[in-house]
Amino acid sequence: MIRRRKDVDWMTSLRVEDLAFVQQRIALEAWYPMASFERLGVAILANFQGAGLEAVRLWGAFSAQQFARDHATLVAADDPVETLMRLKVQRATLFDFPAFDIPLLIDGHAEVTVSYGMGPIAEEAACHQTLGFCEGVLELAGARDVRGALSERSWLGAAHTSLILNWQG
C-alpha cells in the first residue's frame, strides 16, 4: 500500500528503518520490530482514504485465507473450536510477549483477549484487524453465521481488549 502512494512524503511519519522494510519483500519467517509495524499501520490509516476500521477488519478477514494457505495445519475442517486452539498456538510463535489469548472457548462461542502494547490508534486498528482475522479463520473452519464484537477496549483504558466471537456449526 505504501509503495503505491508516490505522492505521500512518508518521511514525515516513518523512519528510515521503516521504509527499508517497505522496500523489501516480506519474508514469512522473518522477525519485524513491533515499533515499525505500529508506525507503518498508523501511516496507512492517516494517508489512505477509506482505510477506516471497517476496512481494517475486512483486511483481517481476507488475510486469514493467505495465512491459512501458508500454515496448512491451521484449519481443522468443520471444527472451529480446534481451529481456534491451533490459532492460539500459532499466534504465540509470532510475538515475544503475550499478545493473544483465548481464555474462553466452547462450541459456538469464544472470548479472545488481545494486547499488542501499542499506542491507541495502532492498538485499535490492530484489534479490528485481529477481529476480522478470527472471523475469517472461523469461516474457513466451517463456522456459519460468524458474529464478532469488541467488548473491552484497551485504547479506552481497559487492561486488554476482548473480542467476543459467536458462530453456528
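The values are calculated or read from the model by the stated rules, or taken from the named source; none is laboratory data. This structure is a prediction, so every number in the text was calculated from the model and none was measured. Cβ sites come from the backbone with ideal geometry, for glycine too, and all protein chains shown count toward neighbours. The accessibility values were calculated without ligands, DNA or RNA, using every heavy atom of the protein model including side chains. Shrake-Rupley method; radii C 1.70, N 1.55, O 1.52, S 1.80 Å.
If Lys and Arg each add +1 and Asp and Glu each add -1, what is the summed charge of the other residues whose beta carbon sits under 15 Å from the beta carbon of Pro120?
Values: positive: Arg39, Arg153; negative: Glu38, Glu123, Glu124, Glu152.
For residues surrounding Pro120, the net value is -2.
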Inset, instruction - With a probe of 1.4 Å, find how much accessible area segment 1-94 has per residue, and write the answer as a whole number in Å². - result: 67
Inset, instruction - Evaluate the charge dipole of segment 10-169 about its Cα centre and quote only its size in Debye, nearest 20, assuming +1 on the Cβ of each Lys and Arg and -1 on the Cβ of each Asp and Glu. - result: 300
Inset, instruction - Give the Rg (one decimal place) followed by the Dmax (whole number) of the chain, computed from C-alpha coordinates and expressed in Å. - result: 16.2, 48
Inset, instruction - Could you work out how far helix 80-92 tilts from the main Cα principal axis of the chain, as a 0 to 90 degree angle to the nearest 10? - result: 40
Inset, instruction - In a Gaussian network model over the chain where Cα atoms closer than 10 Å are linked, find which of Ala122, Ala92, Ala30 has the largest mean-square fluctuation. - result: Ala30
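Can you list the chymotrypsin sites (Phe, Trp or Tyr not before Pro) in segment 87-169 that are in a DSSP coil and have 16 or fewer other beta carbons within 10 angstrom? Walk me through the numbers on the way to the answer.
Working: sites: Phe95, Phe100, Tyr116, Phe133, Trp155, Trp167; in loops: Phe95, Tyr116.
Those that pass, being in a loop and sparsely packed, are Phe95.
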Legend entry - Paramagnetic label zone (point 7 Å from Cα along Cα-to-C-beta, Ala55; backbone N under 14 Å) in segment 1-45: 1-5, 41-45
Legend entry - Among 19-27, 145-153, the order from most to least packed when residues are scored by Cβ within 10 Å on average: 145-153, 19-27
Legend entry - With every protein chain in place, the chain: carbon and sulfur % of accessible area (1.4 Å): 56
